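First the structure, which I've put down as structure tokens, then a few questions once you've had a look.
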Amino acid sequence: MFINRRRFFSQSTMGLGPVALSYLVSRDQARAGVLAPQKPHHAAKAKHCIFLLMEGGPSHIDTFDPKPKLEQIHMTRFQKERNRFEANMNTGERYYVRSPFEFRRAGRLGIEINSLFQSFSEVVDDVCFYRGLQAESVNHPTALYHLNTGNQFGGDPAAGAWVSYGLGTINQNLPAFVVLPDVAYPQGGAANWSNGYLPAHYQGTPLRPEGAPVLDMAPPPGVTLESQRANLELLNEFNRLHRQRHPHHDELAARMESYELAFRMQAEMPRVLDLSSERPRTLEMYAIGGPDKEAAAFGRRCLLARRLIEAGVRFVQLIAMGWDSHDYIEKAHGARMRAIDQPIAALLKDLKRTGLLEETLVVWAGEFGRSPDNGIRRGGAAWGRDHNAKAMPVWLAGGGVKAGHIAGATDDVGGGAIECIHPIKDFHVTLLHLLGLNDDKLRFPHAGREKQLSQTGGSVIRELLG
């Protein structure tokens, strides 16, 4: 293969020593796979992350940040300075609305949470509630992209892709980044777990929520693993020859690795996804097989998340949809909370029982919060809430987080954060920090500059650290 002068010196700027080193490193990486485990930038407790994404924007006011002031001003006119765009629109009358839910105190600190979280109340002492995070968009797709990738317009790597790029995976027979969607994909689709400009190896691998999680996982009848291996070796040989002629085609290298990973997954993935080996008591704990079908489906994904982490997957994102309650928030949010309550409590208890909670960062968040007003006035229990980027519900558990703690605060009606205020980029920097990664060091060259998850750098939210 011909190497021109510029390419030779770009690879050997300090002599032939680095060339030899580069060969040895690439050879070892080829043996271990591109997702070989990497050393973190600093010591950290968290080795894995389970991100529980509540798509649609759950209301902080109706979940983990109650506002008694709204009881006093219920159905009084909402006071807000409208911007120029709103002033030219017929936005209708807006009124403050109280929460239709009751709250209870839980844990050693007596943290107030929605009374529907009956099982979750038992694990509050393992959780850090954060009330100071602010988003930058009230549009679902852009807000989801921002939360997941750091870029409101999509196209950038997801947080799980960055973690996979920085740390690799512990189990070479499984993807480093796995996504467990709801019955449908969230707004914005698969770009929420994209590899972006990172090599394709780092994109999230979605598992189907119903039926077989992965189609065609078992080889067809009459096809042995040995014959598959021989076919794959022949294909790889053709691909290697092609790659020598076109060394800059990263897509081919990614495709070769994906074939290898798919072959290895045939032996490992079915075992991980087979819940029949779990004890009946464990299945019951996760609400699997229970009368609430939505809780059972969510519980199945929570149990799969635990099993994937146990098997060495680095980052699991679990998605629960249906939080966009512009109307009938009591019915809609109530159904969502009942569906996630028992499974999430079971997940935290199970991780703690197995010792995995200490090394697994669990995150719960939506793309934004909701407003203290109801938009155009509606009567009775029909009211809901609008989108709110200035206040949103977030909690974290395990992996070096300060447990049994509340960080930050919102104003007396929940309109916006007023203490420990941070943007999403700081939240991303903090998640990476808890996993042993430094956002300023975790970079990738693209479009003429070094890029990172935070886009332009950020600060660790120290109040969340244990």
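The values are calculated or read from the model by the stated rules, or taken from the named source; none is laboratory data. Note that the structure is predicted; figures quoted are calculated from it, not measured. Backbone-built Cβ (ideal geometry, glycine too); neighbour counts: all protein chains shown.
Please determine, by comparing only the residues of the stretch 116-143 that are among the aromatic types (Phe, Trp, Tyr) and outside any strand (DSSP E or B), which one is nearest to residue 461 (Cα to Cα).
Out of the qualifying residues, it is 120.
Here's another thing I want to ask about it. Take residues that are under 18 Å from the mean Cα position of the chain (by Cα) and tell me which of the strands (runs of 3 or more DSSP E) falling wholly in the stretch 388-466 contain 1 or more.
394-397
Now for a different question. I need the full set of residues from the stretch 308-321 which are surrounded by fewer than 22 Cβ atoms within 10 Å (Cβ to Cβ) and either in contact with a His (Cβ under 9 Å, 6 or more places away or on another chain) or within 15 Å of residue 362 (Cβ to Cβ) (or both), in order please.
Passing the criteria: 310, 312.
Tell me the helices (runs of 4 or more DSSP H) entirely within the stretch 1-81 that contain at least 3 residues that are farther than 28 Å from residue 395 by Cα, out of contact with any Lys or Arg (no Cβ under 6 Å at 6 or more places or on another chain) and at pLDDT below 85.
In the stretch 1-81, the matching helices (runs of 4 or more DSSP H) lie at 5-11, 16-32.
Still on this structure, I have one more. Quickly run through the stretch 47-72 and pick out the residues that are surrounded by fewer than 23 Cβ atoms within 10 Å (Cβ to Cβ) and touching a helix residue (DSSP H, G or I) at 6+ places or on another chain (Cβ under 6 Å).
47
Are any residues in the stretch 144-183 of a type in the set (Ser, Thr, Tyr), more than 24 Å from residue 392 (Cβ to Cβ) and either modelled with pLDDT of 95 or more or not in a loop (DSSP other than H, G, I, E, B) (or both), and if so, which ones?
Those that are of a type in the set (Ser, Thr, Tyr), more than 24 Å from residue 392 (Cβ to Cβ) and either modelled with pLDDT of 95 or more or not in a loop (DSSP other than H, G, I, E, B) (or both): 164, 165.
The rows are residues; the columns are (1) surrounded by 24 or more Cβ atoms within 10 Å (Cβ to Cβ); (2) aromatic (Phe, Trp, Tyr); (3) modelled with pLDDT under 95.
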site: 403; (1), (2), (3): no, no, no
site: 409; (1), (2), (3): no, no, no
site: 413; (1), (2), (3): no, no, no
site: 420; (1), (2), (3): no, no, no
site: 435; (1), (2), (3): yes, no, no
site: 441; (1), (2), (3): no, no, no
site: 444; (1), (2), (3): no, yes, no
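Step by step: first the residues of the stretch 406-429, then only those that are free of Cβ contacts under 8 Å to residues at least 40 places away in the same chain and out of contact with any Asp or Glu (no Cβ under 9 Å at 6 or more places or on another chain), then the one that is nearest to residue 60 (Cα to Cα). Which residue is that?
If we take residues in the stretch 406-429 being free of Cβ contacts under 8 Å to residues at least 40 places away in the same chain and out of contact with any Asp or Glu (no Cβ under 9 Å at 6 or more places or on another chain), then 411 is nearest to residue 60 (Cα to Cα).
Related question: Please identify the pairs in which a residue from the stretch 438-449 that is closer than 29 Å to residue 43 by Cβ has its Cβ atom under 8 Å from the Cβ atom of a residue that is surrounded by fewer than 13 Cβ atoms within 10 Å (Cβ to Cβ) and not small (Gly, Ala, Ser), counting only partners at least 6 apart or on another chain.
438/42; 443/450; 444/450
Name every residue in the stretch 152-198 that is surrounded by 18 or more Cβ atoms within 10 Å (Cβ to Cβ), within 17 Å of residue 450 (Cβ to Cβ) and touching a residue at least 60 places away in the same chain (Cβ under 8 Å), in order of residue number.
156, 157, 162, 165, 166, 198
If residue 307 satisfies all but one of (1) free of Cβ contacts under 8 Å to residues at least 60 places away in the same chain; (2) within 17 Å of the chain's Cα centre (by Cα); (3) farther than 15 Å from residue 180 by Cβ, what's the number of the condition it fails?
(3)
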